[in-house]
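Reviewing the structure listed below.
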Amino acid sequence: MSYFRSRRKGSVHVEMPAFSAVLIADLARQLVELLSDGEPTGSGGVDPLEELVVMDTPRDQPTDPALLRLLPDAYPDDPEVAAEFRRFTEQGLRKSKIEAALVVVGSLRGIEPDEVGSDDGESSVEFELNADDARAWLRCLTDLRLTLAARLELTADDNEATWLALPEDDPRGSLYRIYGWLGYQLETLLDAAQR
């Protein structure tokens, strides 16, 4: 089921079951946490340029596979140049990814997990996304899929049938289904945003 319908001037109408909204909001919050971990907080008194660009030393690539997928090396064959490039770009890239995820969280504000299932599971949420918010949603859904792909160690050679045949109690099966579901949502949002 597609949750996204195009409107005039690039806006998108969203209608989704509350449980889907809770899941997306939770995943977006986790993405913000992943991207924020160990980074400067931007507390008062910091020069805005210094906050955007880490001025001290070149940065090593992340050790977390999900972060490495979200923040790949620009120069994979030259670690020294890649570290120097990260020094000037990684902070800004993290910030833009966090901002996109926060747009998603903000769009879904007020939907609480305890409200889901309070009736017969049929509750839904509706809201509009302007063109900028729709682009933020697209970026965030893409980042969520990249994160899940890294956590599942998906490769281009993986066979979908193998993933779908995992036993019910294997948590990788659930994550893979969420990965696929997010892909469908991304595709339908992209289609709605382009009309």
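The values are calculated or read from the model by the stated rules, or taken from the named source; none is laboratory data. As the structure is a computational prediction, the values presented were derived from the model and not from experiment. Every residue, glycine as well, gets a Cβ built from its backbone with ideal geometry; the counts of neighbours run over all protein chains shown. Side chains are part of the model used for accessible areas, which takes the heavy atoms of the whole protein and leaves out ligands, DNA and RNA. Shrake-Rupley method; radii C 1.70, N 1.55, O 1.52, S 1.80 Å.
Pairs please, first residue from segment 86-112 and within 12 Å of residue 36 (Cβ to Cβ), second anywhere and of a type in the set (Val, Ile, Thr) and surrounded by fewer than 16 Cβ atoms within 10 Å (Cβ to Cβ), Cβ atoms under 9 Å, 6+ apart in sequence or on different chains.
Listed by first residue and then by second, the contacts come to 91/53.
Filter segment 46-75 for residues that are open to solvent by 40 Å² or more (accessible area, probe 1.4 Å), hydrophobic (A, V, I, L, M, F, W, C), assigned to a loop (DSSP other than H, G, I, E, B) and modelled with pLDDT under 85 and give the result.
46, 55
Only one residue in 135, 94 is open to solvent by less than 30 Å² (accessible area, probe 1.4 Å), of a type in the set (D, E, K, R) and under 13 Å from the mean Cα position of the chain (by Cα). Which one?
Being open to solvent by less than 30 Å² (accessible area, probe 1.4 Å), of a type in the set (D, E, K, R) and under 13 Å from the mean Cα position of the chain (by Cα) holds for just one of 135, 94, which is 94.
Considering only segment 141-195, how many residues are assigned to a loop (DSSP other than H, G, I, E, B), open to solvent by less than 40 Å² (accessible area, probe 1.4 Å) and charged (D, E, K, R)?
1
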